Structures are given as C-alpha cells and as structure tokens.
1. Just the ratio, please: alpha-carbon radius of gyration of the stretch A:120-183 over 2.2 N^0.38 Å, N its number of residues.
2. Out of all DSSP beta bridges in chain B, what portion is antiparallel? Express it as a percent rounded to 5.
3. For the stretch A:4-234, build the charge dipole from Cβ charges (+1 Lys, Arg; -1 Asp, Glu) around the Cα centre, then report which of A:Gln174, A:Gln233, A:Tyr61 sits farthest towards its positive end.
4. Label points 7 Å out from Cα along the Cβ direction at B:Leu26 and A:Glu203: separation in nm?
5. Given 20 °C and 1.002 mPa s, how large is the Stokes-Einstein diffusion coefficient of the stretch B:7-82 in µm²/s, with Rh as the Kirkwood radius over Cα pairs?
6. Using the number of other C-beta atoms within 10 angstrom as an exposure proxy, rank A:Ser83, A:Ser336, A:Ser90, A:Ser77 with the fewest first.
7. Mind checking the dipole of the stretch A:96-178: about its Cα centre, +1 per Lys or Arg Cβ, -1 per Asp or Glu Cβ, Debye to the nearest 20?
8. Quote the FRET efficiency, to the nearest 0.05, computed for B:Glu229 versus B:Ile12 with a Förster distance R0 of 25 Å and r equal to the Cβ-Cβ distance.
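Here, each number is a calculation from the coordinates, and none is a lab measurement. Note that the coordinates shown come from a computational prediction; the quantities given were computed from them, not determined experimentally. In this analysis, Cβ positions are derived from the backbone assuming ideal geometry, glycine residues included, and neighbour counts consider all displayed protein chains.
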Amino acid sequence: MKKILMKGNDAVAEAAIQAGCDLYFGYPITPQTEISEYLSLRMPEEGKVFFQAESEIASIYMVYGAAAAGKRVMTSSSGPGISLKQEGISYLASAELPAVIVNMSRGGPGLGNIQPSQSDYFQAVKGGGHGDYKVIVLGPSTVQELVDLTYLAFYLADKYRNPVIILGDGMLGQMMEPVVFNKPDFPPLPAKDWAITGKDGRERQYILCFDLDPRGLEQFNNKIFKKYQKIEQEEIRYEVFGEDKPEMLLVGYGTVARILKSVVREAKDLGIRLALLRPITLYPFPSAIIQKLAQQAGRVFDVEMNMGQMVEDVKLAVNGAVPVHFYGRSGGMIPSVEDTLKRIRDILGK
Amino acid sequence: MQTVFERPKTLINQPFRYCPGCNHGLAQRLIAEVIDELDIADKTIGVGPVGCSVYIYECLDVDFVMGAHGRAPATATGIKRALPGRMVFSYQGDGDIAAIGTAEIVHCAVRGECISAFFINNATFGMTGGQMAPTTILDQRTTTSPRGRKQDEAGFPFKLGEMLAVAEGSAYIARVALTKPQLIKKAKQAIKRAFLTQQAGLGFSLVEILSPCPTNWALPPLEAVQWLEKNIIPIYPLGEIKVKEGVPDAR
C-alpha cells in the first residue's frame, strides 16, 4: 500500500470516508477546521453528505437524527465546541445511538487558545454531559494511528451502539506524517433493525431518550452499564515501550507519549532504565496493566499537557501501592524532553 | 349505515394524557387525519420535543425520534439528509420552538429544509407549570410574571410565524386556532398544505396552532377558549402568512 504524506485532520477525514461514514455535520473551529474543508470536497464525490450546521449544538443533533436513521455519522470540533455538544452526546448515549466525535483539543478553559492541549481528558472520559453514561475514548499518538483509530471508532460505535470520541489535539491535527490507508477487516456487525426509517409495512418503532418511571430508568441505566462492563473487559488497548525491569514507569497518551518515547531513549544513553505505558483507549482505561507495571517498577511518572487529569485514573489504578509523580504543561505549552528528563533524574537522584 | 366519523387509522386507540380543554389531542388528531388522507404513514418520521408535546409519540402510529429541548428541527434535518425521500415533521410547543430552539428553527427555515414543523402556541411553558414564554402576551400573568408580562422588563410577544416568513427558504407558513368547527377545518387544510409543500420539495413549512392551556391559565376549559379568542388571537392573527408559488391546494 502506498504511503501518502498527510495532515492529521485530512487523514481523519479520509479515513472516515473509507470507514463508510455516510454523513458528516461540522462547524468551523481551529485547530480542526480542515476536517470540514476536506469532507466538503470529498463527501459529495462519494455520493455522501457533508453539511455545515449553524452551530455545534445543531450539528450534534443532526448527528443524532442521522444516527437514528441508521447511518454512519461523524462530527468534529475542538474544546469549546465539544462543550456545546455535550448535551447531545448524553442524548446519544441515552438513545444508544452510534456516532463518532473527533476532538482536536486546544488550550482551555474558556476560549483559551488554539494551541494543542490535553485538558479535555476529564470531559471525554468521565462522561462530559449530564447523567450516568460512558463514551468510548480513543487517544491516537501519530497521524497513522489517527487513521487506524478512525476505522476502529466507527466499528466500535456500531458494535456497542454508543458514541465514540477520538481525542486528538491541535498538534496531531496540524502535523503532517506519512500514512497508509489500510482498512481492517472487522467482524460482521448486526443489522440496524432498530433504525427509524419509516414503517414501510413493519410495526412502528421509536427512539426515546427518557423514562419518566424511576424504576424503568434505573433498569435502563443498569443495562447500559452492563454494556460498559463488556467494553471494559474486551476493548482495552495500550502500548508498552522501552526497557524491561525499568526503574520508573512513565505514563502518557497522545502527543505526550511521542515525547516520552524520546525520553526513554535518551535516558537509556544515560544508563537509566525507563518504560512507557501508553493508553490507546482512554475509556476503557488500562488500569490492570498500569497496576502491574507500576508495582514492578516501584514508581510512576505521569506526564500530560494539562494541570493533571489522567493522573487521577493512574492513581486509582495504582491504588497507593507505589508513589505516582506528575509533570504537566498547560495552556498550549508542550513538555520538552529535557525538562521531563531532568524531573525524572531529580526523582531518581541520578 | 354510513360512517360519518371515526378514529383516523394513524391515531392510536388510547386516551390522551392531556388536561381537559387542552388542544394537543385535537391537533394530533388532525395530523393523523392528514397522514391518512395523504397515505404517507409508512414513510413518515416524527421528531419529538420536550414539554407537553412530548406525548405525541404515544398517539400517532408512525416512526418517531424523541430528542432534546428545542433541537427537533436539527434532529429532523439529520433524518431528512439521511433519508431524503421520507416525510419528516417536528411537533413542538412554544417553550421549545420559540425559546431555547429559536436558532434551530430559524436556520431550518433559512435553509429551506424540506421538513414540516407543527408548533403548538399556548403562550406559556405548560409542562413545567405555567411559566412565562417568549410567546406570553403583555400583561398575561404566569408563575414567572406574577404581575403580568411587562414590555420594559421582558420584551414583546414572539411572532415566530411572521419572522420565519421573511426567510427565503420558507415556503408555507400559517397560523390557525381550533376554537370553532370552521377554524378546525381550516387548521386541517393548513396541516395538509404543509405536508404537500414538503412532498413537492418546495422548502420549509410551519403551522402555528394556537391552543388554550386551561390548567396554567387557571381558567375552566370553556373560559380558556373565550380568553384565547379575546386576547391571544388579536396578538397572533390567524391565516396563511406565507404561501410560496406552487404550494399545492389542500382540497
């Protein structure tokens, strides 16, 4: 397969088309607008629908409608726009509708800025909107992985009838890397016989997002949490990189994981043995492997482009067994290999 | 024996949940009659709102997607773009369509989205217990305008139909009431023309249906009808507000 040099945002867009995305509803916001631009050109060529909505709120409810009609649907945005979509994401989870949502996150809070950041981690993995629900969250680290996880996102959304967030950042969206489009052969999916398409001779169907009877709603919540339990058992993905028997376990995802790989390599030249655990699925979170590797290493160092968010999940996984240190840069700043390595050496006394 | 009146096929045989004197049941029955007459039940998809209107999915025998407060026009757009051959309608109250959902309905009309919106205007938030809506008329007392709606505090009643008529994309806009048999007949014709407008692909259509809310207006059903005729209709005049060239006749 041919390698193509592509910008992350363009690559996600092309992968969505190849994954069979039928409709895309967008709204411009930096640093992800190229997704809309690319799809406005390409979707009509494929006989698919590109549509620019009047707001992020409208676009998520267009996604809701098209997903209810049984189609593969995507929307994309960044920080502030994703906040506006949160109500709709809660409705998607409640109506058990599959949809893919891309967040090329930027510095926050507020309008923040347009520099890369990981400060939407809590919002993505802890639900984000109101009510008891979970969204599958994938954290790509390279443009190639953006492509691969876009294929996976559409598959998982349909498999579990649940929204899936691809949590990138402005760096991944804007950088160019060589990519190969190699659509995996996923196992067959059940027919969408629940879709709202008009009766056409069958009994009528409807999609609800409420249950006024508290017993009924609790029953429903128990049902979707059983689904989340299955997701936690079957869909955890992660990468382990670096040395056997490390003196310290590094944990980082996405853009930060790229930096941490350089840290692992440079540390090796200095005679310091490090290993990196990179979560690929942020929900479900790879807690068991983190717990195991943390105990082997005796010490954990979590690095993020925020004020400390995933570190809470790392601490829950480690459960006090070993010390967990944190280093974060926020507001669009990116941790450097040198600064990170200096902190590691300070902790290890080397 | 000749049958002169029966339940429309599309109206599910069960009691309405609405308060005595409310016009939701009547409006939904008219929509059911029109769906039967146009023989479109098999290809029609309804989109629900939040508020008293929400119960429509229990009453009409067509496919439904229930959604968020005010967002039915966006959801309907998603469905229509996914399934362009289907008949898609939203059914919304004034708290839903004329307050939180204003942006979605305005842009639906501006785009000329081929959907039909049915808008029950009772000049109040019904389900939450009678609060002031953008459609509440001046001096009307509600639980959040206990001294009556004052223009200097809360502005003017919202005439959504007239506003949407300005949009180039809207093809058919009408305002009707259900207080008399001849008005009910006209209302049904308007609902039919809205669906026909959509079927002909002419653009956006909306029928605003003025309805009494006896419970929240604190009036007996008959007096609520009289109050609507005397106070609401002069502010919200009845009739076809916009009929684009080519909109088919209802008869």
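1. On the way: Rg = 12.9 Å, N = 64, 2.2 N^0.38 = 10.7 Å.
Scaled against compact globular proteins, the figure is 1.21.
2. Numbers: 7 of 33 bridges.
Among the beta bridges of chain B, antiparallel pairing accounts for roughly 20 percent.
3. Positive-end residue among those listed: A:Gln233.
4. Going by the 7 Å Cα→Cβ label model, 3.4 nm.
5. It diffuses with D of about 165 µm²/s by this estimate.
6. Details: A:Ser83 17, A:Ser336 13, A:Ser90 22, A:Ser77 26.
Placing the least packed residue first, the sequence is A:Ser336, A:Ser83, A:Ser90, A:Ser77.
7. Values: 5 positive and 8 negative charges, 40 e Å.
It comes to approximately 200 debye.
8. For R0 = 25 Å, the calculated efficiency reads 0.25.
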